Ligand SMILES: [Zn+2]
């Protein structure tokens, strides 16, 4: 990748290591879930539903609900970044996530023959919003109750980058949400500093 302004930040990102963290990343660098088309694209791109799942029935209430859950994820995950969260750090966000996790069953996948005869994953029908929120909320529950995963939560070291990811790298030395985005930005900055020094 050429050094320069990365265009990657404007693509949806699915590299935080957990689907609930990918949801959290949709606030950065600008609100991505600002209309239904990007929400539908996010739902498919994140793997929450198989490719080709009908989502035409998603309406404005979905946007509100996904963003509300995202706010809860943010509070809970950021509460875990500096060691064990205290109960008052979690509060109503935890209740909300638990409610969503319990309120519906996540969409049930099934294996069917695709056009070429190979098995592909699909849903029995268009998923309900509550089912998708339940899948996300259960991912939050799994993350928060897994001590290894919880201890692997990191915030990107990039300037003003709020992205939280799961550092599963060997030796746990990952520093950036993405080497192509924040890692590259740091390399560009270092390159500029060296060039400026050389000119001085
Ligand atoms: Zn970053």
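Quick note: the coordinates plus some simple rules give every number you see, no bench work behind them. On a predicted model such as this, the values are computed, not experimentally measured, just so you know. Cβ placement follows ideal geometry from the backbone for every residue including glycine, while neighbour counts extend to all protein chains displayed.
Taking the simple approach of a point 7 Å from Cα along Cα-to-Cβ for both residue 170 and residue 81, what is their distance in nm?
2.9 nm
As an exercise, use a Förster radius of 22 Å and the Cβ-Cβ distance of residue 121 and residue 11 to find the FRET efficiency, rounded to the nearest 0.05.
On the way: r = 24 Å, r/R0 = 1.08.
Rounded to the nearest 0.05, the efficiency is 0.40.
With the crude spin-label approximation of a point 7 Å out along Cα→Cβ, what separation in nm comes out for residue 103 versus residue 65?
For residue 103 paired with residue 65, the spin-label model returns 0.6 nm.
Alpha carbons only, please: Rg and Dmax for the stretch 21-107, in angstrom.
When restricted to the Cα atoms of the stretch 21-107, Rg and Dmax are 14.2, 42 Å.
Of the listed peptides 73-79, 193-199, what is their order by residue-averaged count of other C-beta atoms within 10 Å, with the highest listed first?
Details: 73-79: 20.3, 193-199: 8.6.
Taking the mean over residues of other Cβ atoms within 10 Å, the ranking is 73-79, 193-199.
For the chain, what number results from the quotient of the Cα radius of gyration and 2.2 N^0.38 Å? Kindly include the intermediate steps, with their values, before the conclusion.
Working: Rg = 19.1 Å, N = 200, 2.2 N^0.38 = 16.5 Å.
Ratio of Cα Rg to 2.2 N^0.38 Å: 1.16.
Per 0.36 nm of contour for each residue apart, how much would the distance between residue 113 and residue 92 grow if the chain were fully extended, relative to their Cα-Cα spacing?
On the way: separation 21, 0.36 × 21 = 7.56 nm, distance 4.37 nm.
Stretched out fully, the residue 113 to residue 92 stretch lengthens by 3.2 nm.
In vacuo Debye scattering of the stretch 107-148, one point per C-alpha: log10 I(q)/I(0) at q = 0.19, 0.22, 0.23 Å⁻¹?
-0.69, -0.76, -0.78
For a Förster distance of 25 Å, can you work out the FRET efficiency between the beta-carbons of residue 44 and residue 180, rounded to the nearest 0.05?
Calculated value: 0.70.
Just the Cα atoms of the stretch 73-166, one point each, no solvent: what log10 I(q)/I(0) does Debye give at q = 0.11, 0.15, 0.16 Å⁻¹?
-0.46, -0.72, -0.78
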